[in-house]
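Let me begin by presenting the structure, written as structure tokens, before commenting on it.
The values are calculated or read from the model by the stated rules, or taken from the named source; none is laboratory data. Values in this document were obtained by computation on a predicted structure and should not be read as measured data. In this analysis, Cβ positions are derived from the backbone assuming ideal geometry, glycine residues included, and neighbour counts consider all displayed protein chains. These accessible areas exclude ligands, DNA and RNA; they are computed on the full protein's heavy atoms, side chains included. Shrake-Rupley method; radii C 1.70, N 1.55, O 1.52, S 1.80 Å.
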Amino acid sequence: MAKVLLHICCGPCAIYPVSTLREHGYDLMGYFYNPNIHPYTEYLKRKEALEQFAELVQLKVIYDKKYDLKEFLQSISYRETKRCLICYKMRLEAAAHIAKKGKFDYFTTTLLVSRYQKHNLIVEIGEEAGKKYGIPFLYQDFREGFKEGIEISKNMGLYRQQYCGCIYSELERYAPKSVVQEVLKGENN
Ligand code: SF4
């Protein structure tokens, strides 16, 4: 049975990928590494939701001890409008590295389930990270299970976040456009 390391951004997003990958016969292990989730209290809520889900479906998960907040913020500094690329790269390279070290056959990510993420960019970066670390990126378009995952997460009573993760995504979610533009103005891209 092929072993897959599944990078997980949060509990609700893991629901469909875990069920479909298991149906396809893969032996799964989760990996939680998300320095893009701010503030820390939000990070903890998402981590706890994953712990709750993982226990329900008996999924083993590696919880990376590193939060790497400073590294994340420094890496996107002055490149805020390109931050998603940097964010995906940081997380997927970490997953590829762990997958290679742990002798997995493949790695992939729950980010592929969201209709709000930059899907093609995730695929591109996943494949690049796979080449860099010598481990294949397992692509599947999980978006077909996006709605189903949301419904199941509600029934499970899992915490569901209202924004992507970083402080800028929180701003975009809650602030008027004029405030977002003001904050990001003059950015050197
Ligand atoms: S919007 Fe989401 S994917 Fe983009 S940098 Fe922020 S947390 Fe990462």
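Both radii were evaluated on the Cα set of the chain; the Rg over Rh quotient, with Rh as the Kirkwood radius, amounts to 0.96. Computed over the chain with a Gaussian network model linking Cα atoms closer than 10 Å, the most mobile of 20, 110, 41 is 41. Inter-part distance, the stretch 1-62 to the stretch 121-183, computed on C-alpha centroids, equals 13 Å.
Taking a straight Cα-Cα cut-off under 28 Å and skipping sequence neighbours fewer than 8 places away in the same chain, the lysines within cross-link reach of residue 131 are 3, 60, 65, 66, 70, 82, 89, 100, 101, 103, 118.
For the chain, what is the mean residue ellipticity at 222 nm derived from helices alone (per DSSP H run of n ≥ 4: -39500 (n - 2.57); sum divided by total residues; nearest 500 deg cm²/dmol)?
Only helices count here, giving -16500 deg cm²/dmol.
Rolling a 1.4 Å probe over the protein heavy atoms gives the chain an accessible area of 53 Å² per residue. Taking a sphere under 9 Å around the Cβ of residue 94 and counting the other residues whose Cβ falls inside, with K and R at +1 and D and E at -1, yields a net charge of -1.
May I ask you to compute the full-extension gain from residue 132 to residue 77, defined as 0.36 nm times their residue separation minus their alpha-carbon distance, rounded to one decimal in nm?
Extending this stretch completely gives an extra 17.4 nm.
Our estimate of slack between residue 67 and residue 24, defined as 0.36 nm per intervening residue step minus the Cα-Cα distance, is 12.3 nm. With N counted as the residues of the stretch 1-97, its alpha-carbon radius of gyration over 2.2 N^0.38 Å works out to 1.13.
Within the listed set 111, 21, 171, the residue fluctuating most in the Gaussian network model of the chain (springs between alpha-carbon atoms under 10 angstrom) is 171.
With springs connecting C-alpha atoms under 10 Å apart, model the chain as a Gaussian network and identify which of 97, 38, 24 has the largest mean-square fluctuation. Residue with maximal mean-square fluctuation among 97, 38, 24: 24. Protein heavy-atom surface of the chain, 1.4 angstrom probe: 52% of the accessible area is carbon and sulfur, with nucleic acids and ligands not counted. Residues in the stretch 75-104, backbone N under 18 Å from the label point at residue 120 (7 Å along the Cα-to-beta-carbon vector): list them, ranges by number please. Within reach of a label on residue 120: 82-86, 88-89.
Full extension of the segment from residue 183 to residue 85, taken as 0.36 nm per residue of separation minus the current Cα-Cα distance, would add 33.3 nm.
Think of each Lys and Arg Cβ as +1 and each Asp and Glu Cβ as -1; about the Cα centre, that makes the dipole of the stretch 113-181 roughly 180 debye.
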